[in-house]
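Inspection log for the structure reproduced underneath, given as structure tokens.
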Amino acid sequence: MLHSLAPLPFALPLMMAALLMGLSRFVPRWLTDAIALVTGALVTVVCVILLMGSANQPIVYWFGGWTPHQGVALGVAFVVGPLGAGLASLAALLVTAALLFSVKYFEAVGAVYHVLMLSFLGAMCGFSLTGDLFDLFVFFELMSAVAFALTAYRTEEKGPLQGALNFAIINTVGAYLVLCGIALVYARTGALNFAQIGRALSAGPSDGLVTMAFVLIACGFLIKAAIVPFHFWLADAHAMAPTPVCVLFSGVMVELGVYGVARVYWTMFAGTFGPHMVAIRGILIGFGAATAILGAIFCVSEEHIKRLLAFSTISHVGVLITGLGLLTPLGLAGAAVYVLGHGLVKASLFLGAGILLNQFQTASETELFGRGRHLVVLGGMFLVGGLALAGLPPFGTALGKGMIEAAASKAGDAWLSAVIIVASALTGGAVLRVAGRVFLGLGQPEGQPDQAGADDEAEQPESARQLRTPMVMLLPALVLLAGALASGLVPNIAMRTEQAAGAFINQRGYSQVVLNGAARLASNGPLIPTGPDLSEVAGGLGSTTAAVLVGLLAIYRRQLPAAVCRAASRHLEPPLQRLRGLQSGDVRDYAAWLTFGVATMGLAFAFAVH
Amino acid sequence: MSLLPWFVVVWLFAVGLYGIVTSRDLIHQVICLTVIQSSTYVLLLAIGYRRGAAAPVFATLPSSSSAVDPVVQALALTDIVVEATVLALLLALTVQAGKRFGTIDPQQLHALRG
Amino acid sequence: MNAGQRQWFFGCSLAAFVGLLLWGVLGLPPLGHYRGPYGDAINQAVVAQRHATDAIAAVNFDYRGVDTIVEEFILFASVAGCTLLLRQQRDEEAGMARTRALEGRMGQTSAAVTALGLTLAVPVALLGWYVVTHGQLTPGGGFQGGTIMASGAVFLYLAGEYVTLRRLNPPPLLEVLEALGAGGYILIGFAGMATGAAFLQNVLPLGRVGQVNSAGTIWVISMSVGMEVAAAFVLLATEFMEQALDLRQRRRI
Amino acid sequence: MTDALQAATLVLAAAGGLAVVITRDVVRQALMMSLFGLLLAILFFAFQAPDVALSEIAVGTIVIPVLLLFTIAKVRNQEKER
């Protein structure tokens, strides 16, 4: 019974998308909303059931009944494990929340919007659950195609169009990189099933072909995950996409890119790369740390709230990559918990930004100064969201971060804790600054709006203004924030995730289960449930305090002694301007950076393997 | 000869990338993307090719005789659909950009900066 | 970056990138030495297991049918996306301008082009139909045939019959057909589950090898894909055609 | 024979790709694109892939050029208006 639920997370939303498209001219808006919402909720339930059901043993589902014959897979399999099912659940939950938010947010939205959202959901679920390399690629492409269209939803404006074009061109090149990598893997192994490929590759050397295959596939996914130097498209697209869509981009799509790398690495390449693990760890951690720090700097120097949140996502992806890059079960588990906590917090903050945009027709912090004083609930939400982003225990973000830091210090990379604390303090502080200035009116209003702002035309409203914030807009945001709190309080979540991560990185066990139908995927041994770790709590409180300080400093920066101000602007402004200048909006620059990034990653791997 | 297809693949990918980076016209840029994609077709089909073997269509071929790999061909087929659709989306974006910006020169699109 | 800086930066990166790609592809076996096992396993099994003689159709619509579902939905979502992107424009310039534009367009088409378009359209559409229905036997199938059928419609458009066709208001019908094609594929998948088998497992009699309606679900799926692809491409052509037309009108005024 | 055909079409495809990229006038580029598509289709036949060749003919030489020409018509006229 549980087994036959496996195809539903992708098939159900896609079928409903087709249904809504066929009925689009005959069905009123409320019914379209209702059908889409019910579908989203159903998929969430199915994914959660799959998550529970696959806790001890992955569910292997062969489409068309084509079970492997003598170790050769003829068909396509879904391999549902706790991490994949968890991501699919998060995606489904966020889609449902975004759809609920959209009920009142878009006034004249056709069924096409719902069709695209449901297709997006199907693609994300399929991407998380599939056990086949080419299937992973087609789900990736579906996700991209839908995302391009959704980004340019407001076609009457320039910004979204350019954002969508940059997004589409860069990510399409990324997809071709992935496809080339897949072709190389296929040429070597004659297989497309992860498990079968993993077996075949483990038996051979890690030569140029294998190395480049991994580099190409990983770079394609990392472009989606927007790590430095592939990150340029993200800020353009996120700031310009409609808010409910941003929720999905930041909350789960970008994280799926990281998941793709993890899945590809551990099911296929971990065996052959085993002897070079130390060097590969260094590369991944390096890219992760650079992304975490640069993203945080961009984030705190931004005043357009949606762009600020977008840059904060880049920084947090950096943290995820470091967690993954430690290549240990604990690090991976920390990243998984962090995805959950961060996705929920970030989604709720984006919805909050959408409410602000809806109320005041602007997302500029300067223009919004002090105007949110009467929005008590929303203000509280931003405040709590900022603290959660900074890693306040017991939010899921704090737990995930604590686990990554623990894994880092176990692996002898304790300096990573500093990187993570800086990233959380800056990104959390930026949100706290927004909360303080917009909702509390702290500090001084700034005379002229930021000239570096992107718009040469006034930002157009995404939706007609509501006089009072409707409950259907506020409720999803609050529920998601509560979910972020709850995610840190699930009993034994740390231990269970670590167990799941142990199974996730067990390549040989994975192949056994998929190809030979072995009963159980053993993890690396029994784990002892641990209570809340005091040092983790202390670390979380520390980074939260740092974030509050950053926020206060940013709010009252004008009140600092004049000499300090001048010195700061003399030493900080020029490099910051230069960094921000790289974000030129010209897709040709981004393509050059993409080439540079792939070349750098490739050279790094070439040296690592030899 | 035996290495020629691989060189052609790399060449097409590089040439397409060069076109994208130096382009002064979005439509030109989009066409360069399809050149990159064509390199993936060549790669896939060359990988599945077996010297002297026939197409995997067994209507005219006794099924025991050797045929080239059908899987890469199925993948290439899927790839072609993906190409056409992504291209359509990009062109729709280009049409719209032409309306809003009055130009489709990437150098003169100035909605996002800083 | 200015153009010069970008070219230097890109040039160096590209050199490294090309070097790395060559390092990768030189690990490939020489051309013509495909080693299997996936393709060979399919080639050996396909006629016996699926009664289909075109192994590619069998891979696309059965062994790796899920890929093709997703591929159909990439097409489906792109058409929806194009409708979304090009929609507002049409609302802005709706009404008189369009009607006049269409009349203007009709005047521009020469009789020779009309005749050529009309003579091409019908045979091309029939050829498309043939290719769809024989996908499991000979090269072809829902995707190729659907595209060919759609090109028949494009010939009609180019022949200047767009005005006549526009009065029939094809998009709603096309959208329903497209949705039926895409949704139908998933329904066939669920049909497998309804009989207690796996998603997309064959539930129909396989028929005799070499017959038109053989190969069970492959044949049905090929038809549904053909319908979706044809409708989707005609919709796309319609969207872009309308964009191009609105402007010709303005130039004439 | 097959070898020679394959080698010839591969070389032509490499040249065709370059030609498509360096043609800066988009109308001519769209026509080059369609020729390039035809060339690829022949290449696919030479690699024993009639199914793929058929798609490439339908998509690369009909659908894509038609969409491209419609887009070019639209954009060109727009620029003229300004």
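Please verify whether A:ALA183 is within 7 Å of another protein chain (Cβ to nearest Cβ) and out of contact with any strand residue (DSSP E or B) (no Cβ under 8 Å at 6 or more places or on another chain), treating the condition exactly as stated. First the steps, then the outcome.
Working: within 7 Å of another protein chain (Cβ to nearest Cβ): yes; out of contact with any strand residue (DSSP E or B) (no Cβ under 8 Å at 6 or more places or on another chain): yes.
So A:ALA183 passes the test.
Scanning for something of a type in the set (Ser, Thr, Tyr), more than 11 Å from chain C (Cβ to nearest Cβ) and crowded, with 24+ Cβ neighbours inside 10 Å, does region A:122-139 turn up at least one residue? Working first, answer last.
First, pick out the residues of region A:122-139 that are of a type in the set (Ser, Thr, Tyr): A:128, A:130.
Still in the running and more than 11 Å from chain C (Cβ to nearest Cβ): A:128.
Retained after the next criterion (residues that are crowded, with 24+ Cβ neighbours inside 10 Å): A:128.
Yes: region A:122-139 contains one or more residues that are of a type in the set (Ser, Thr, Tyr), more than 11 Å from chain C (Cβ to nearest Cβ) and crowded, with 24+ Cβ neighbours inside 10 Å.
All but one of (1) part of a helix (DSSP H, G or I); (2) surrounded by fewer than 24 Cβ atoms within 10 Å (Cβ to Cβ); (3) within 10 Å of chain C (Cβ to nearest Cβ) hold for B:GLY52; which doesn't?
With respect to (1) part of a helix (DSSP H, G or I); (2) surrounded by fewer than 24 Cβ atoms within 10 Å (Cβ to Cβ); (3) within 10 Å of chain C (Cβ to nearest Cβ), B:GLY52 is out only on (1).
For the structure I just gave you, tell me whether D:ALA46 is within 7 Å of chain C (Cβ to nearest Cβ) and over 20 Å from C:ALA150 (Cα atoms). Step through it out loud before you land on a result.
Working: within 7 Å of chain C (Cβ to nearest Cβ): no; over 20 Å from C:ALA150 (Cα atoms): yes.
No.
Look at D:GLN48 and say whether it is crowded, with 21+ Cβ neighbours inside 10 Å, free of Cβ contacts under 8 Å to residues at least 12 places away in the same chain and over 25 Å from C:THR238 (Cα atoms). First the steps, then the outcome.
Working: crowded, with 21+ Cβ neighbours inside 10 Å: yes; free of Cβ contacts under 8 Å to residues at least 12 places away in the same chain: yes; over 25 Å from C:THR238 (Cα atoms): yes.
Judged against the criteria, D:GLN48 is a match.
Pick from region C:4-52 the residues that are touching a residue at least 24 places away in the same chain (Cβ under 8 Å) and open to solvent by 10 Å² or more (accessible area, probe 1.4 Å): which of them is nearest to A:LEU177 (Cα to Cα)? Talk me through it step by step, then tell me what you get.
In the first step, residues of region C:4-52 are kept if they are touching a residue at least 24 places away in the same chain (Cβ under 8 Å); the result is C:47, C:50-52.
Cutting the leftovers down to open to solvent by 10 Å² or more (accessible area, probe 1.4 Å) gives us C:47, C:51.
Numbers: C:VAL47: 35, C:HIS51: 36 Å.
It comes out as C:VAL47.
Among (1) open to solvent by less than 40 Å² (accessible area, probe 1.4 Å); (2) modelled with pLDDT under 85; (3) in a helix (DSSP H, G or I); (4) more than 22 Å from D:VAL59 (Cα to Cα), which single condition is C:VAL220 missing?
(1)
Taking B:ALA46 as meeting all but one of (1) without any contact (Cβ under 8 Å) to a residue 12 or more places away in the chain; (2) over 25 Å from C:GLY65 (Cβ atoms); (3) at the interface with chain C (Cβ under 7 Å from one of its Cβ atoms), write down the number of the exception.
Condition (1) is where B:ALA46 drops out.
Inside chain D, counting only helices (runs of 4 or more DSSP H) that do not spill past its ends, which hold 3 or more residues that are small (Gly, Ala, Ser) and within 17 Å of B:THR40 (Cα to Cα)? Explain how you work it out, then say what you get.
On the way: elements: D:2-22, D:26-46, D:50-58, D:64-81.
Here the list reads D:2-22, D:26-46.
Each row is one residue, and each column tells you yes or no for (1) at positive phi; (2) open to solvent by less than 10 Å² (accessible area, probe 1.4 Å); (3) within 14 Å of another protein chain (Cβ to nearest Cβ); (4) hydrophobic (A, V, I, L, M, F, W, C).
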site: A:ASN56; (1), (2), (3), (4): no, no, no, no
site: A:GLY71; (1), (2), (3), (4): yes, no, yes, no
site: A:GLY86; (1), (2), (3), (4): no, no, no, no
site: A:TYR105; (1), (2), (3), (4): no, yes, no, no
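Picking from D:VAL11, D:VAL63, D:VAL26, D:VAL21, which residue would you name as being more than 10 Å from chain C (Cβ to nearest Cβ) and either of a type in the set (Phe, Trp, Tyr) or open to solvent by 10 Å² or more (accessible area, probe 1.4 Å) (or both)?
Working: D:VAL63 fails: more than 10 Å from chain C (Cβ to nearest Cβ); D:VAL26 fails: either of a type in the set (Phe, Trp, Tyr) or open to solvent by 10 Å² or more (accessible area, probe 1.4 Å) (or both); D:VAL21 fails: either of a type in the set (Phe, Trp, Tyr) or open to solvent by 10 Å² or more (accessible area, probe 1.4 Å) (or both).
Checking each option against the conditions leaves just D:VAL11.
Could you list all residues from region B:1-28 that are open to solvent by 10 Å² or more (accessible area, probe 1.4 Å) and outside any helix (DSSP H, G or I)?
Those that are open to solvent by 10 Å² or more (accessible area, probe 1.4 Å) and outside any helix (DSSP H, G or I): B:MET1, B:SER2, B:LEU3, B:ARG24, B:ASP25.
Every residue in region C:16-31 that is at the interface with chain A (Cβ under 8 Å from one of its Cβ atoms) and more than 19 Å from B:TYR49 (Cβ to Cβ), please. Break it down stepwise before answering.
Taking region C:16-31 as the starting set, the residues that turn out to be at the interface with chain A (Cβ under 8 Å from one of its Cβ atoms) are C:16-17, C:20-21, C:23-29.
Within region C:16-31, C:ALA16, C:PHE17, C:LEU20, C:LEU21, C:TRP23 meet the criteria.
Is it the case, given these coordinates, that A:ILE197 is at the interface with another protein chain (Cβ under 7 Å from one of its Cβ atoms), of a type in the set (Val, Ile, Thr) and open to solvent by less than 10 Å² (accessible area, probe 1.4 Å)?
Values: at the interface with another protein chain (Cβ under 7 Å from one of its Cβ atoms): no; of a type in the set (Val, Ile, Thr): yes; open to solvent by less than 10 Å² (accessible area, probe 1.4 Å): yes.
It is false that A:ILE197 is at the interface with another protein chain (Cβ under 7 Å from one of its Cβ atoms), of a type in the set (Val, Ile, Thr) and open to solvent by less than 10 Å² (accessible area, probe 1.4 Å).
Among the residues of region A:18-39, which ones are within 24 Å of the chain's Cα centre (by Cα) and buried (at least 19 other Cβ atoms within 10 Å of the Cβ)? Even if it seems obvious, please write down each step before you answer.
Taking region A:18-39 and keeping what is within 24 Å of the chain's Cα centre (by Cα), we get A:36-37, A:39.
Scanning region A:18-39 gives A:ALA36, A:THR39.
Hey, A:GLY380 hits all of (1) assigned to a helix (DSSP H, G or I); (2) in contact with a helix residue (DSSP H, G or I) (Cβ under 7 Å, 6 or more places away or on another chain) but one; which does it fall short on?
Single failed check for A:GLY380: (2).
Does A:THR189 satisfy being more than 8 Å from chain C (Cβ to nearest Cβ), open to solvent by 10 Å² or more (accessible area, probe 1.4 Å) and at pLDDT 90 or above?
Numbers: more than 8 Å from chain C (Cβ to nearest Cβ): yes; open to solvent by 10 Å² or more (accessible area, probe 1.4 Å): yes; at pLDDT 90 or above: yes.
So A:THR189 fits the description; yes.
Just the residues that are open to solvent by less than 10 Å² (accessible area, probe 1.4 Å), facing chain C (nearest Cβ under 8 Å) and touching a residue at least 12 places away in the same chain (Cβ under 8 Å), please, taken from region A:151-163.
A:ALA152
Across region C:180-204, which residue is farthest from C:ILE74 (Cα to Cα) among those that are free of Cβ contacts under 8 Å to residues at least 40 places away in the same chain and assigned to a helix (DSSP H, G or I)?
Ranking the candidates gives C:ALA194 first.
Quick check on this structure: which one of A:GLY602, A:GLY551, A:GLY542, A:GLY585 is open to solvent by less than 60 Å² (accessible area, probe 1.4 Å), in contact (Cβ under 8 Å) with a residue 40 or more places away in the chain and on the phi > 0 side of the Ramachandran plot?
On the way: A:GLY602 fails: on the phi > 0 side of the Ramachandran plot; A:GLY551 fails: on the phi > 0 side of the Ramachandran plot; A:GLY542 fails: on the phi > 0 side of the Ramachandran plot.
A:GLY585 is the lone residue from the list that is open to solvent by less than 60 Å² (accessible area, probe 1.4 Å), in contact (Cβ under 8 Å) with a residue 40 or more places away in the chain and on the phi > 0 side of the Ramachandran plot.
Does A:LEU93 satisfy the criteria of being among the aliphatic types (A, V, I, L, M), under 21 Å from A:VAL138 (Cβ atoms) and more than 14 Å from chain C (Cβ to nearest Cβ)? Break it down stepwise before answering.
Working: among the aliphatic types (A, V, I, L, M): yes; under 21 Å from A:VAL138 (Cβ atoms): no; more than 14 Å from chain C (Cβ to nearest Cβ): yes.
Here the answer is no, as A:LEU93 does not meet what is asked.
Here is a list: D:ARG24, D:ARG28. Which entry is touching a Lys or Arg at 6+ places or on another chain (Cβ under 9 Å) and at negative phi?
Details: D:ARG28 fails: touching a Lys or Arg at 6+ places or on another chain (Cβ under 9 Å).
Step by step, each of D:ARG24, D:ARG28 is checked, and only D:ARG24 is touching a Lys or Arg at 6+ places or on another chain (Cβ under 9 Å) and at negative phi.
Taking region D:66-78 on its own, how many of its residues are more than 7 Å from every other protein chain (Cβ to nearest Cβ) and free of Cβ contacts under 8 Å to residues at least 24 places away in the same chain?
So the count comes out to 1.
Pairs under 6 Å by beta carbon, first residue at positive phi in region A:164-191, partner buried (at least 24 other Cβ atoms within 10 Å of the Cβ), six or more apart or different chains?
What qualifies is A:GLY190/C:TYR38.
Go through region A:1-17 and give me each residue that's in a helix (DSSP H, G or I) and open to solvent by less than 10 Å² (accessible area, probe 1.4 Å). Working first, answer last.
So in region A:1-17, the residues in a helix (DSSP H, G or I) come out as A:3-5, A:8-17.
Within region A:1-17, A:PRO9, A:PHE10, A:ALA11, A:PRO13, A:LEU14, A:ALA17 meet the criteria.
Name the one entry in A:LEU209, A:LEU222 that is within 10 Å of chain C (Cβ to nearest Cβ), open to solvent by less than 10 Å² (accessible area, probe 1.4 Å) and of a type in the set (A, V, I, L, M). Spell out how you get there, then give the answer.
Working: A:LEU222 fails: within 10 Å of chain C (Cβ to nearest Cβ).
None of the others qualify; the one that does is A:LEU209.
Restricting attention to region D:13-31, does a residue exist that is within 16 Å of B:ILE80 (Cβ to Cβ) and either touching a strand residue (DSSP E or B) at 6+ places or on another chain (Cβ under 7 Å) or in contact (Cβ under 8 Å) with a residue 24 or more places away in the chain (or both)?
Yes, that holds for at least one residue.
Hey, among the residues in region B:12-29 that are within 8 Å of chain D (Cβ to nearest Cβ) and in contact with a Leu (Cβ under 8 Å, 6 or more places away or on another chain), which one's nearest to D:ILE72 (Cα to Cα)? Lay out the reasoning, then the answer.
Kept after step one, since they are within 8 Å of chain D (Cβ to nearest Cβ), are these residues of region B:12-29: B:12, B:15-16, B:18-19, B:24-25, B:27-28.
Checking which are in contact with a Leu (Cβ under 8 Å, 6 or more places away or on another chain) leaves us with B:15-16, B:18, B:27.
Details: B:VAL15: 23, B:GLY16: 20, B:TYR18: 22, B:ILE27: 8 Å.
Once the filter is applied, the top-ranked residue is B:ILE27.
The values are calculated or read from the model by the stated rules, or taken from the named source; none is laboratory data. Here the structure is a predicted model, which is why all the values come from computation and not from measurement. All Cβ positions, glycine included, derive from the backbone under ideal geometry; neighbour counts span all protein chains shown. In case anyone asks, the SASA skips ligands and DNA or RNA and just uses the protein heavy atoms, side chains included. Shrake-Rupley method; radii C 1.70, N 1.55, O 1.52, S 1.80 Å.
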